Amino acid sequence: MTTPPSSFALTDAIVFTGESFVENHAVLVKNGHVADLVPMARRPVALPALSCANQILAPAYIDCQVNGGGNVLLNNQPTVQGVLHIAAAHRKTGTTRLLPTCISDTPDIMCTAQHAVREARKQDPSILGLHFEGPHLNPSLSGAHDSSLIRPISKEDMTHYCAEPGELFVITLSPEQVSPDQIHQLVKQGLIVSIGHCAASLEQVQAALDAGATNFTHIMNRMPPIQTRSPGVAVLALNDKKSYAGLIADGLHIHPELVRLIVRSKAEDRLYMVSDAVPPAGAETPLPYTMGGESVRPQPDGRCINDKGVITGAHHTLGECVPIAIRDIRLNPERVLRMASTIPAQFLGLGHSLGKILPGYQADIVALDHMFKAQTVWRDGVKVN
Ligand SMILES: [Zn+2]
């Protein structure tokens, strides 16, 4: 790995700023930030130039739901090394910021994972914080989680769930297990509350939103089918204009036709992509693993199948979902690139510093080939892959 000079210009590429595509411009990077975006003819000649001919420069990706990577699952290896290893595996395909995600587990394991993420964050700025997905979910929609570990929230949990200054702490919960008052209290304690693995009524979900929940976890996945006379959580997740929603657009979790419907339905500045990645994501050689008490085998097409033959997930990174969403699901490239970076930055309250290639923003940039495959990755103006 080579480190470029702290000031340089990225030239000869098409630039997606997070707002629009710009041609014949150079991106000037200085001390970790985007200093300017200028026409090629006005590029300061004294600045070292890195040519990115025939490539697209886009804001690097931000993944709010990462269970694992590089053959490591956070729940199985809740250590600083485990967290750093997962972050490194995702960096290769353009993800420069992420929330390691611990799925439903014992209080001991979840607490250990929390400490590991906090320590790892001091060493690696790509780790923005933590995502607890569970254990206060609807047990009938446990999915890849071990349903025996799913439980209502307790008084001890309420005192334990507290974000540290500067830390992002997302919790996915179901309003069936957590009351509006408790959600309100969690938000006061600095948490970002997301609704998921949930079969609550529309009224219950609306009450959770009114209490301060701001997001839906993997929209449509682990939500009951839409009923004509009792539309539930999925319909509210689509219709609500204020809340955000994460979407797994890997062509496997949700049928492409339904992905297109979701993308047309949800407010454009509120829908973003997540990988929901499992251990083989970003691994040179994807290996079998254990998750939620089941052994799972990765398949060459990206699916992960347990011993009963059930698909339990997929092992794509967000950087691998981007070309799938554009090429196979036929979504608009601008929308996809925004969903992979600009919108998750805004969801996390970081929209002023991440998710765009514009003056003043942190220089988190991914260079993509014509198939939208990551070629080079910079974080804070430093080449990390
Ligand atoms: Zn889930």
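Read-outs: derived from the displayed coordinates by stated rules, not from any lab. Because the structure is a prediction, the values reported are computed rather than measured. FYI the Cβ positions are ideal-geometry reconstructions off the backbone, even for glycines, and counts take in every protein chain you see.
Quick rundown of the values:
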| quantity | calculated |
| --- | --- |
| Mean Cβ count within 10 Å, highest first, over the residues of peptides 335-348, 230-243 | 335-348, 230-243 |
| Whole-Å distance, taken between Cα centres, linking region 135-195 and region 280-349 | 24 |
| Dipole magnitude of region 61-347, debye to nearest 20 (Cβ charges: Lys/Arg +1, Asp/Glu -1, about Cα centre) | 640 |
| Charged-residue dipole, Cβ positions (Lys, Arg, Asp, Glu), region 109-247 about Cα centre, Debye nearest 20 | 200 |
| Beta bridges per DSSP with both ends in region 229-385, % antiparallel, nearest 5 | 85 |
| Packing rank of 64-71, 6-13, where each peptide gets the mean count of other beta carbons within 10 Å, highest leading | 64-71, 6-13 |
| Estimated distance in nm for a label pair at R151 and R327, the labels positioned 7 Å out from Cα along Cα-to-Cβ | 4.6 |
| The chain - share of DSSP beta bridges that are antiparallel (%, nearest 5) | 55 |
| Selected from S6, C111, G18, residue furthest toward positive end of dipole (region 6-150; charges at beta carbon) | S6 |
| Label-point separation in nm, A49 to N239, each point 7 Å along Cα→Cβ | 5.5 |
| Anisotropy class of region 61-347 from Cα gyration tensor, a/c 1.5 cut | rounded |
| Ordering of 77-88, 51-62 by burial proxy (mean other Cβ atoms within 10 Å per residue, highest first) | 51-62, 77-88 |
| Top positive-direction residue, dipole computed over the chain with Cβ charges, set V178, C102, Q55 | Q55 |
| Principal-axis tilt of helix 256-265 within the chain, Cα atoms, nearest 10 degrees | 90 |
| Prolate/oblate/rounded call for region 234-385, Cα gyration tensor, a/c under 1.5 rounded | oblate |
| Gain on full stretching of the segment that runs from S230 to A207 - 0.36 nm per residue minus C-alpha separation | 6.7 nm |
| 14 Å beta-carbon shell around G232, net charge (K/R +1, D/E -1) | -1 |
| Label-to-label distance, nm, for residues given as D369 and H352 (7 Å Cα→Cβ offset) | 4.0 |
| Region 322-385 shape via C-alpha gyration tensor axes, a/c threshold 1.5 | oblate |
